[in-house]
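Below is one structure, written out as structure tokens; comments come after it.
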Amino acid sequence: MFYIILTYLLSPLIYALIYFRRVNIRRILVIQTAKIGDIISSTHIFREIKKGLGDVHLSVMVSPVSREVLEYNPYINELISLNRDSYKGLSGKINLAVMLYKGKYDAVISLNPSLPFLLSAFWGLVSRRIFIMPDPRLKPAGTSFVGITYKMASRFCTYLERHIRGRLVAETNLKMLEAIGIKSNNLSKEVYKSPIADVKVKNLLSGRDGNLIGIAVSSGNKMKELGAEKIVALAEKLITEFNAHVVLIGSSSDSETAGKIITMATQKEKIIDSVGCFRLSELPALLEKLSLFIGVDTGVTYIADALGVPLIDIAGPSDMEDQRPTGKNSYILQKKELGCVPCSHAFDAPYECRYGHRECITRISVKEVFGLASQIMVKV
């Protein structure tokens, strides 16, 4: 609350200083510090800005972990990595405001409903401050999705787009661009791979013919993960039925789980362990080789969707009205009959099941996943 009171007190001076800054849009900063899936689902924003405004300088602020996924995006002029700790406390927010001021941004478009970003854009004298307001519905626990301080600070935006439940966040993000004169309904996602990615993938897959089916070993949110036993059972059925090679996909932190899967498997020669082998900028080269990708609702699933790879998204607790794979070859498995589903939303994602049972994941059977995979493979 201290920051809000301070901003209200200083607002007459800040508004006066903003008034004398240039009004033509030449430099834009888009803030998207959420996870990989959210970033992939935001790539249409970068494209539409460049197509709509031509030669503007586009900077994108991301978390260091997610930076690689945008490293080769041709629409972005500058990537800025920002740790969450960087803007903690008054000094952190002032430093962020100074950075925005020195960047000479004419517009800041924040896809994150963040109080520090909102205040820093105002303090940094950015003339167009375009922010999002999550749907004001209540969580099951009865607490508001949006903090009172963010609601109070929202008056310092020049444009506030309200997200409405039942509409994809990607659509809401696109509506935000109307504040800078861009109208579009193109929600298609894009990913770009590094120049050396194809060579690395070719080396990994050398001598492996036939269908390649990818399975995500885990998820950044452990509440969503399938578990080694279920993945082994699924992999064995896919290998037997389709004479396929199963590619285990994940980061280096998933190495232990991948090791368990391979140890338990009876057809080890048909399992390719790619866990930790590829950077995010290289992963698209592997995914585009797949006949089918199977994973929980995580970043890799959205990369596969952007590439048009047939996929099964085991959605678990995720709210598919907020965000989901949208490709014509995307299929979603979710236990919608559970009263607690969904509990994970675009702007509020828990990392533990509040009931302790994770039934939204554990009730998904190998038989269900395999049955849907069989239907898809017939079409491939």
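Nothing in this text is a laboratory measurement; each read-out follows from the coordinates by a stated rule. Fair warning: this is a prediction, and the values are worked out from it, not measured in the lab. Cβ atoms come from the backbone with ideal geometry, glycine included; neighbour counts cover every protein chain shown.
Which FRET efficiency, nearest 0.05, do Arg155 and Leu6 yield, Cβ-Cβ r, R0 25 Å?
Details: r = 14 Å, r/R0 = 0.58.
About 0.95, to the nearest 0.05.
Note down the relative contact order for the chain as a percent, whole number, built from C-alpha pairs under 8 angstrom at least six residues apart. Intermediate results must be reported in sequence, preceding the final value.
Numbers: 683 pairs, mean separation 55.6, N = 380.
Taking the mean separation of contacting Cα pairs over the length of the chain, I get 15 percent.
What does the chain give for Rg and for Dmax, in Å, if only its C-alpha atoms count?
22.1, 71
What is the distance in Å between the Cα centroid of the range 146-171 and that of the range 273-321?
Centre-to-centre (Cα) distance: 29 Å.
For the ranges 86-92, 76-82, what's the packing order if you count other beta-carbon atoms within 10 Å of each residue, average per peptide, and put the highest first? Before the final figure, lay out each step's value.
Working: 86-92: 13.1, 76-82: 15.4.
Final packing ranking: 76-82, 86-92.
Roughly what % antiparallel, to the nearest 5, for the DSSP beta bridges in the range 2-180?
Working: 1 of 21 bridges.
Taking every DSSP beta bridge within the range 2-180, about 5 percent pair in antiparallel fashion.
If the limit is 27 Å between Cα atoms, which of Lys193/Lys230; Lys224/Lys268; Lys222/Lys260; Lys93/Lys189 go over it?
Values: Lys193/Lys230 31 Å; Lys224/Lys268 25 Å; Lys222/Lys260 16 Å; Lys93/Lys189 32 Å.
Too far apart for the 27 Å limit: Lys193/Lys230; Lys93/Lys189.
Tell me, what HN-Hα J-couplings in whole Hz come from the Karplus equation 6.51 cos²θ - 1.76 cosθ + 1.60 at θ = phi - 60° for each residue of the range 157-162, using x for Gly and Pro?
7, 8, 8, 10, 9, 8
For the range 314-380, what's the relative contact order in percent, using C-alpha pairs closer than 8 Å and at least 6 residues apart? Each step should come with its number before you reach the end.
On the way: 48 pairs, mean separation 24.2, N = 67.
Relative contact order of the range 314-380: 36 percent.
Fewest Cβ neighbours within 10 Å first, please rank Thr33, Thr7, Thr326 accordingly. Mind showing how you got there, number by number?
On the way: Thr33 24, Thr7 18, Thr326 15.
Arranged by neighbour count, lowest to highest, Thr33, Thr7, Thr326 become Thr326, Thr7, Thr33.
With no solvent and one point per C-alpha, what does the Debye sum give as log10 I(q)/I(0) for the range 197-379 at q = 0.13, 0.15 Å⁻¹?
Ignoring solvent entirely, the Cα scatterers give -0.62, -0.83.
Wrap a convex hull around the Cα atoms of the range 2-180, take a quarter of its surface area, and give that in square nanometres. If you can, show how the numbers build up before the last one.
Numbers: hull surface 41.2 nm².
Result: a mean projected hull area of 10.3 nm².
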